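Reviewing the structure listed below.
The values are calculated or read from the model by the stated rules, or taken from the named source; none is laboratory data. Just so we're clear, the structure is a prediction, and the values are computed from it rather than from any experiment. Here the Cβ positions follow ideal geometry from the backbone for every residue, glycine too, while neighbour counts run over all protein chains shown.
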Amino acid sequence: MSYILAVVSTAVATLLTSYYYYPQLKDSRIRAQLPLDIETWRYPGKSHEAEERIWNVFDPILARHGLVSWPWGGHSSLKTPDGEYPRPNGYNELFDESRSIKLANLERWFYWNPLNRAIRTKEGQDVVCRVIVVKGEGVNALNSLRRISTGLNSLVSRNHALPMLREFTFQDIVCGIFPMSGSSFGELFGPISHDRCEASVGDTLDLFIQAFEALAFIHEKGVAHRDAFFHNYLVQWDPESLKHQHVRLTRPRLYLIDFETALCFPEDSLYDDCTCTGLPFGDIDDYALPTPPGVAEGKPYNAFYLDFWQLCYHLAFLQTGIPELDELLLGLVNTGTAAAGLDALSERLGLIPPVQLHVRPMYREVVNGHTFYPRRP
C-alpha cells in the first residue's frame, strides 16, 4: 500500500512540476529567439525573412491575447488575413465611392520597420501592435503613452495622440495595441507629393493647425515627443479638396504617433525646466534629420521647443501665394512654443476667406540654407 502511495505521490508531483515549469520553459525558449533590444527588432536583417522570423516566433504570444498577425504581403507590406478587407473603426475612412481608391489597395498595410505589426483581434477588428519596451529600453515611451494615450486624457478633443487601446507584457517585452488609422501626413505634404496629391493649401494648413494643437496638448501634460516631424502624424483620410473642386466642409482628423523618443516630465514641471541633452536617437554620424542650434553639440535644450522646431521646419517651405501668410509661415518658429504658434496661425487663417486657400500648394527649394529633404553629410 505504501508503495502505491509513493508511486502516486511521485506521479502527482511530476505532473504538478510539469504543469508549473513547462510553460516557463516554453516561454524561455521563445524569448531566446527574440531580439534582445529594440534596435535589433527594428533592423533584424537585410531581408524580410529576418523580420518574418521574429513575428513567427512571437505568434504564440499574440495568440494568448486573441491576436493574429497579418501575413507577409511583399515589399514592406502585410496583407489582410483570408483576403478580407479591413473593417472601418472610426479612425480611418477606408473607402469612399467618390474617390478613385482601388479596393486591392485596402488589402495591404505598409510599414516603416518591423516594430509595428498589423494584426486582427478575435472580434475581427484590425489593429496595430507596436513593440514599445524591450529589456527596459523604451520605458519613457511607455510612460508617455500611458499618460497621453490612455484614460481620460485620451478622450480630450485637443489630444491628437492615437489612443492605446491596451497593452500586454511578455517577460521583458511590452507591446501596445493601437487603432489602424489612415495615411502618413508625409504622403500629402511636400514637393514629392505635389503632382499626385489633391490636398489644397487650406487642407494642408488645417492639418498643421491640428499638429500644433497636438503638441500644445502633450506639452501641457509634460510629454515631449522629440520626433515631431510631419511624417509622424497620420491623417484619417485624404481631404482632396482640389479633386472635388470646392472647399470641403468636412475635415479629416490628424493623429500623432510614434512616441519612441519621447520624454515624460513630472506634470507640474515648469516649461523652462523640461530640458535634455543629446540627439533623439543615434549619434551625429547617422542622425539624418535636421536639428536646431546646440542640439547636435550636446548642449542642454528645451525638449518642448525641439518638437515645435521640428514641426515648423517643414512648414516654412510651404508657399500659399498670400504674402502675409507666407511671411508668417517663415517666421512662425520665432513664436517660441506650440501654443503660441497655434494661436498665431489660427488668428491669421481666420482673416482669410477659405476660397483663397483653395489652391495647390507650392514649395520653396531652400529655407535658411536647408532643403526640404535634408541629406546626410
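Things to note:
- Among the candidates Leu207, Leu142, the residue that is surrounded by 18 or more Cβ atoms within 10 Å (Cβ to Cβ), assigned by TED's automatic domain parsing to the domain that holds Leu332 and not in a strand (DSSP E or B) is uniquely Leu207.
- Phe178 being modelled with pLDDT of 95 or more, buried (at least 20 other Cβ atoms within 10 Å of the Cβ) and more than 26 Å from Gly138 (Cβ to Cβ): no
- Unique residue being closer than 23 Å to Val133 by Cβ and touching a Phe, Trp or Tyr at 6+ places or on another chain (Cβ under 7 Å) when the list is His225, His219: His225
This table checks each residue for (1) within 21 Å of Phe372 (Cβ to Cβ); (2) touching a helix residue (DSSP H, G or I) at 6+ places or on another chain (Cβ under 8 Å); (3) part of a strand (DSSP E or B).
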| site | (1), (2), (3) |
| --- | --- |
| Phe212 | yes, yes, no |
| Leu215 | yes, yes, no |
| Ile218 | no, yes, no |
| Arg226 | yes, yes, no |
| Trp237 | no, no, no |
| Val247 | no, yes, no |
| Asp258 | yes, yes, no |
| Thr261 | no, yes, no |
| Asp272 | no, no, no |
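- Annotation: of all residues in region 182-204 being closer than 28 Å to Arg117 by Cα and crowded, with 22+ Cβ neighbours inside 10 Å, the one that is nearest to the chain's Cα centre (by Cα) is Phe185.
- Set side by side, the residues Asp272, Asp258, Asp268 differ, and just one is acidic (Asp, Glu) and either modelled with pLDDT of 95 or more or surrounded by 15 or more Cβ atoms within 10 Å (Cβ to Cβ) (or both), which is Asp258.
- Comparison of Glu51, Glu107, Glu84, Glu93 shows that the only residue that is modelled with pLDDT of 85 or more and surrounded by 12 or more Cβ atoms within 10 Å (Cβ to Cβ) is Glu51.
- Within region 151-171, the set of residues being in contact with a Gly (Cβ under 9 Å, 6 or more places away or on another chain) and without any contact (Cβ under 8 Å) to a residue 40 or more places away in the chain comprises Met164, Leu165, Arg166, Glu167.
- Inspection of region 331-351 identifies no residue that is crowded, with 19+ Cβ neighbours inside 10 Å and within 30 Å of Thr40 (Cβ to Cβ).
- Region 331-377 - residue that is modelled with pLDDT of 95 or more and among the acidic types (Asp, Glu) and, of those, farthest from Ser241 (Cα to Cα): Asp343
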